[in-house]
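Novice: Quick one: the structure is below, questions incoming.
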Amino acid sequence: TTGTTSALHVADVTVRFAGLVALDGVGFTVAPGSIHALIGPNGAGKSTCFNVLSGVCRPARGTVRFGDAELTRLAPHRIAALGVARTFQNIVMTRGTVADNLMLGRHGLSRAGFAATALRLPHAVREQHAQLERVREIAELTALDGLFDTPVELLSYGDRKRVELARALCLEPRLLLLDEPVAGMNAAERARTAATVRSLRERLGLSVLLVEHDMGLVMRLADEVTVLDFGRRIAGGTPYEVRQDPEVRRAYLGS
Ligand code: ADP
Ligand code: MG
């Protein structure tokens with residue numbers, strides 16, 4: 001089921017923390033159905049940018065639009081409801097099985113009330129079944145189907161990172177924001193996650209914006225790259241163009 005999605009337009013976004021400009025007039029566009037990487041040295045402003053896009057941080061200036069919707073300064077749950085979901089750089093793990101975690105991820109989408117579900121009223125039971133079926137599909141999309149009933153605390157680090165990704169997918173986003181999706185993973189886990197991200201774009205038609213330090217992965221996965229350094233956008237283009245850019249080389253090699 002390939003749907004259509006919207007472009008994300010980020011324009012002139014500025015964020016200041018006491019005496020520090022974390023983002024300075026940053027702008028870029030994520031094309032519909034594309035994989036876009038946001039890269040840059042530590043402290044460049046990548047996570048801050050994600051915090052602005054997901055409503056966790058209010059910019060002093062600038063706008064964020066997703067299709068016709070203006071996201072700037074909306075609360076996180078409003079942004080999620082408009083189809084933008086994120087993962088965090090560090091895993092925030094809960095207890096329970098993979099299935100429990102994914103069902104929790106569907107919570108915001110549930111129409112039957114908690115009481116109706118607890119009382120097992122027919123409409124609530126039907127909805128519960130439909131939710132469970134969708135959650136199974138999401139587990140399959142993220143290569144977690146074999147681990148559906150496994151407690152998350154027994155999973156490998158790489159699998160737990162993918163549970164986070166699956167949880168974001170439970171919100172049925174049109175744009176997925178992934179903060180360092182392969183950080184701390186071994187080579188096999190990295191490859192599996194890269195394949196998952198590619199198949200999400202192909203099978204769900206969604207757009208992906210990812211922050212990632214693994215340059216090999218960025219170069220293989222991204223259609224387009226935006227480079228930040230000290231809060232400024234210093235380059236943007238295809239992976240090939242960005243790799244050739246003298247300013248990017250300077251920022252990374254410090255020469
Ligand atoms: P990146 O994710 O690219 O490593 P960040 O967006 O985390 O960079 O940080 C950008 C800059 O903003 C850094 O100098 C960081 O120390 C600073 N910063 C980030 N969050 C805060 C905050 N809540 N308060 C103060 N400074 C912050
Ligand atoms: Mg960061």
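Novice: Among all residue pairs at least 6 apart or on different chains, which show Cβ distances below 7 Å where the first residue, located in the range 177-191, is in the same structural domain as Glu164 (by TED's automatic domain parsing) and the second is within 16 Å of ligand 1 (Cβ to nearest atom) and of a type in the set (Gly, Ala, Ser)?
Specialist: none
Novice: Just name the residue that is nearest to Leu175 (Cα to Cα) out of those in the range 21-46 that are within 12 Å of ligand 1 (Cβ to nearest atom) and either β-branched (Val, Ile, Thr) or under 15 Å from the mean Cα position of the chain (by Cα) (or both).
Specialist: My answer is Leu38.
Novice: Hey, another quick one. Cβ-Cβ distance below 8 Å, separation of 6 or more or different chains: which pairs start in the range 56-67 with a residue that is at positive phi and end on one that is assigned to a strand (DSSP E or B) and of a type in the set (S, T, N, Q)?
Specialist: Gly62/Thr14
Novice: Quick one: Lys46 ticks every box in (1) over 22 Å from Tyr240 (Cα atoms); (2) within 16 Å of ligand 2 (Cβ to nearest atom) bar one, so which box is it?
Specialist: Failing condition for Lys46: (1).
Novice: Follow-up. Using the structure shown, decide if Val15 is over 18 Å from Leu210 (Cα atoms), part of a strand (DSSP E or B) and within 16 Å of ligand 2 (Cβ to nearest atom).
Specialist: yes
Novice: Identify, please: which residue in the range 57-81 is closer than 15 Å to Leu209 by Cβ and part of a loop (DSSP other than H, G, I, E, B) and is, among those, nearest to the chain's Cα centre (by Cα)?
Specialist: For the range 57-81, the residue satisfying everything is Leu71.
Novice: What number goes with the only condition from (1) under 23 Å from Ser207 (Cα atoms); (2) within 16 Å of ligand 1 (Cβ to nearest atom) that Ala18 does not pass?
Specialist: (1)
Novice: Does Ala85 qualify as being among the small types (Gly, Ala, Ser) and either within 16 Å of ligand 2 (Cβ to nearest atom) or at pLDDT below 90 (or both)?
Specialist: no
Novice: Can you find a residue that is under 13 Å from His36 (Cβ atoms), within 16 Å of ligand 2 (Cβ to nearest atom) and at pLDDT 90 or above anywhere in the range 188-208?
Specialist: The answer is no; no qualifying residue exists.
Novice: Out of all the residues in the range 96-104, is one or more within 16 Å of ligand 1 (Cβ to nearest atom), more than 16 Å from the chain's Cα centre (by Cα) and acidic (Asp, Glu)?
Specialist: Among the residues of the range 96-104, not one is within 16 Å of ligand 1 (Cβ to nearest atom), more than 16 Å from the chain's Cα centre (by Cα) and acidic (Asp, Glu), which makes the answer no.
Novice: Another question, then. Condition (residue is farther than 22 Å from Ala194 by Cα, of a type in the set (D, E, K, R), in contact with a Gly (Cβ under 6 Å, 6 or more places away or on another chain) and at pLDDT 95 or above) applied to the range 8-30: is it met by at least one residue?
Specialist: Looking through the range 8-30, at least one residue is farther than 22 Å from Ala194 by Cα, of a type in the set (D, E, K, R), in contact with a Gly (Cβ under 6 Å, 6 or more places away or on another chain) and at pLDDT 95 or above.
Novice: Ala37 fails exactly one of the following numbered conditions: (1) in contact with a Phe, Trp or Tyr (Cβ under 7 Å, 6 or more places away or on another chain); (2) within 16 Å of ligand 2 (Cβ to nearest atom). What is the number of that condition?
Specialist: Status for Ala37: all satisfied but (1).
Novice: Take Cys49 and decide whether it is part of a helix (DSSP H, G or I) and either at pLDDT below 95 or within 16 Å of ligand 1 (Cβ to nearest atom) (or both).
Specialist: Taking the combined requirement at face value, the residue satisfies it.
Novice: Another question, then. So, of the residues in the range 200-219 that are touching a helix residue (DSSP H, G or I) at 6+ places or on another chain (Cβ under 7 Å) and without any contact (Cβ under 8 Å) to a residue 60 or more places away in the chain, which turns out to be nearest to Lys46 (Cα to Cα)?
Specialist: Selected residue: Asp214.
Novice: Follow-up question, since we're still on this one. Output the residues belonging to the range 162-220 that are within 16 Å of ligand 1 (Cβ to nearest atom), among the β-branched types (Val, Ile, Thr) and part of a helix (DSSP H, G or I).
Specialist: If the condition is that a residue be within 16 Å of ligand 1 (Cβ to nearest atom), among the β-branched types (Val, Ile, Thr) and part of a helix (DSSP H, G or I), then Val218 is the only one that fits.
Novice: Could you list, in sequence order, all residues of the range 221-237 that are more than 16 Å from ligand 1 (Cβ to nearest atom) and without any contact (Cβ under 8 Å) to a residue 60 or more places away in the chain?
Specialist: Within the range 221-237, just Gly237 meets the criteria.
Novice: Determine, yes or no, whether Thr5 is at pLDDT below 95, among the β-branched types (Val, Ile, Thr), buried (at least 20 other Cβ atoms within 10 Å of the Cβ) and in contact with a strand residue (DSSP E or B) (Cβ under 6 Å, 6 or more places away or on another chain).
Specialist: yes
The values are calculated or read from the model by the stated rules, or taken from the named source; none is laboratory data. Because the structure is a prediction, the values reported are computed rather than measured. Don't worry about glycine lacking a Cβ; one is built from the backbone with ideal geometry, like all the others, and counts go over all protein chains shown.
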